[in-house]
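What follows is one structure encoded as structure tokens, with my remarks underneath.
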Amino acid sequence: MNVVLKTTTYRLLSVLTCYLFVPCITWAQVPAGTPLLSSKANTLKYYSDGKPSATIKQVTVKNQLFSKALQVNSFGGTGSSGLYGNLTTPLRKGDVLWISFSTRSLQSKRETGESFIELRVDQLVNGKYVWPPHLERGISFGEKWTKTSIPFILTKDVKPEDVRVVIRFDSYPQSFEISPITFINCGQNVSLNDLPKTVVKYDGSAPDASWRKEAEKRIEKYRKGDLQIRIVDNAGNPVKGAEVTANLNRIAYNWGTAVTSERILDTVNVDMKMYRDTLARYFNQVVFENEMKWKNWVNQDEETKGLSTLRALRWLRTKNLTARGHVMVWPSWQNSPLYLRKFKHDKEALRSAIIESIKEQTNIMYGQFAEWDVINEATLHHDFMDILGRKEMKTWFETAHTSAPRVKLFLNDYTMFHNEKASDSFYENAKFLVDSKAPIDGIGEQAHIGGTPPGIPFVLERLDKFAQLGLPIIITEFDINSDDDDFKANYLRDFITAIFSHPATTGLLQWGFWEGAHWFPSAALWNKDWSIRPNGKVYTDLITNKWHTCFNGTTSDTGDCLVRGFCGKYDITVRYEGKTYTRQTILENRGNTIIIQIKNDESNL
């Protein structure tokens, strides 16, 4: 049966550390109410918008509260397909509904190994889907049975023929099992807070988790320094009672985000002014989301190639934002220009094409980037290394270094916080480059987070391991693809605290910040109307309050003020006897002393 469905494409890069993920269901029994679906496993029917691309069969399940499940295998294709179930009972506005089921992944082509489904309770008109659905939730899950329970309130009266439960399959081939769905109308005298609800728990989420105190100690040790400000007069004598302020202008840590030059340069759309203002206020580094990727780069007009990016970079410099380049080589046919495939059996032509592309990009963008990802996702995407040999990775770094000698060059990947096997594959690639003395300057980990987040102790353990290579580590593409606001806020706080606390890290970039310009709208920090979300409040509070220094004081008898502050660039203002003096200084972890001499014949220095 064909069903007209919303065709939003999901590409969730979440983290396969299932043994660290503990889904917590706050319930002891199924709530009372009217069942809206049969409890049989085969109640849900298969649909496809085109040629069938999945097989469905009923299987026996052991050691669970249910004995039957549907096993889905979509390795036959990636067309839009899924399961659906029709209701037979009318619903009223204000009804409190509860839906629950269990899933487990058997196999997935996702980079993480997790399976993914989209749960929807669709709104229909004349049998066709209309936006918005009554409920929409993306769910990712690993190899262990994971229970999902969601209560929600219906916002309008609906007839049975105007509503449908849909489980939409991932665009990636996968195999998974799903239990019978329990869908209950609990009536209108029930509070959502009284119903069973899935709460995402992860190792280290407890308020008294031991890693928290240790992280705070590391932040104090590695991210702060002592700034001694001494005020003297013309003769070099200490000045007592001078008013001193020391404000952190730019922290010595990169808080970044993905952007596009189009949005930065757009002066017509009113949202883009807010976009630029928010960018400049809460971030100090950017990465261009897609325009520097080889596959997109080659599609630009030869005469104006890179021009819009260069113009955007000029604006960024006026706001004191640095930029990362992403990415020179994504070593697979899938993520490279189509014309390269003609060199599949011509090693020298393939080698030459890659090197020439690196030279072209570094020539056009010379001096524009502080950092640049030379290779992306070599753990999974290694078609070019399979043909040219692993040593070619070193050649790409050498070519980039020769062409852009002052740029820090990175190996970027996504498996540092996955299971140890995937994480170790990433580590071995980085180690190979270090051991072969390639000019590699850093390691980039994407850190896209999904439904099974890595535990914080595991994150710290992996950082310790990669730090053994002696290279700085940057989180390059962080986001959390979830509709659970509490989980997103809590995990963001814990994850970036752990990252910031680790001495090997030098920055964290998020893969977008605004719902209107985010590849995962649910992961954004600000809604489309620019109201801030709970995870956005956590982020902005950390970087503008908790991890920020704003000192006000008065000099002592010795003319001194001692500031214990976060490392970075400081603006210092001194006021004494009606005159104002300003200075700037850099505070490093080892500390710094600045002497400011007050000259009576000058009102400002």
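No lab work stands behind these numbers, since they all come straight from the coordinates. Bear in mind the structure is a predicted one, so any value in this text is a computation, not a measurement. Here the Cβ positions follow ideal geometry from the backbone for every residue, glycine too, while neighbour counts run over all protein chains shown.
What ranking do I596, I586 get, fewest neighbouring Cβ atoms within 10 angstrom at the top?
I586, I596
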TODO: Could you check what % of the DSSP bridge pairs in the chain are antiparallel, to the nearest 5?
DONE: 70 percent
TODO: Please give, to one decimal in nm, the separation of the simple spin-label points placed at K109 and N86, each 7 Å out from Cα toward the Cβ.
DONE: 3.2 nm
Task: With Cα atoms, 0 to 90° folded angle of helix 210-222 axis to the chain main axis - done: 30 degrees
Task: Potential extension, A280-D435 segment - 0.36 nm per residue separation minus Cα distance - done: 51.9 nm
Open item on the list: Taking the beta-carbon count within 10 Å as an exposure proxy, list R406, R462 from fewest neighbours to most.
Closed with: R406, R462
Open item on the list: At 222 nm, what value in deg cm²/dmol follows for the chain if DSSP H runs of at least 4 each add -39500 (n - 2.57) and the sum is divided by all its residues, to the nearest 500?
Closed with: -7000 deg cm²/dmol
Task: Correct choice for volume of the Cα convex hull per residue in Å³ that was computed from the model, options [x] 171; [y] 218; [z] 200 - done: [z]
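Sort the following peptides by mean Cβ neighbour count (other Cβ atoms within 10 Å, averaged over residues), highest first: 328-335, 182-189.
Per-residue Cβ counts within 10 Å, averaged per peptide and sorted highest first, yield 328-335, 182-189.
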Task: Cα gyration tensor shape of the stretch 375-430, rounded if a/c is under 1.5, else prolate or oblate by comparing a/b with b/c - done: oblate
- [ ] Using the charge dipole of the chain (Lys, Arg: +1 at Cβ; Asp, Glu: -1 at Cβ; taken about the Cα centre), state which of A242, I358, G455 has its Cα farthest towards the positive end.
- [x] G455
- [ ] Please state the charge dipole magnitude for the stretch 493-605, taken about the Cα centre, from unit charges on C-beta atoms (+1 on K and R, -1 on D and E), reported in debye and rounded to the nearest 20.
- [x] 240 debye
Open item on the list: How tilted is helix 485-501 with respect to the longest principal axis of the chain? Cα atoms for both, answer in degrees (0 to 90, nearest 10).
Closed with: 40 degrees
TODO: Return the FRET efficiency for the residue pair R341, K528: r is the Cβ-Cβ distance, R0 is 51 Å, and the value is rounded to the nearest 0.05.
DONE: 0.85
TODO: Note the angle between two axes, namely the Cα long axis of helix 456-467 and the longest principal axis of the Cα atoms of the chain, as a number of degrees from 0 to 90, rounded to the nearest 10.
DONE: 50 degrees
Task: Only Lys, Arg (+1) and Asp, Glu (-1) charged, at Cβ; the stretch 18-202 dipole about Cα centre in debye - done: 280 debye
Open item on the list: Only four residue types carry charge here, +1 at the Cβ of Lys and Arg and -1 at the Cβ of Asp and Glu. Report the dipole size of the stretch 181-250 about the Cα centre in Debye, rounded to the nearest 20.
Closed with: 240 debye
Task: Rg and Dmax [Cα atoms of the stretch 18-202; Å; Rg one decimal, Dmax integer] - done: 16.1, 46
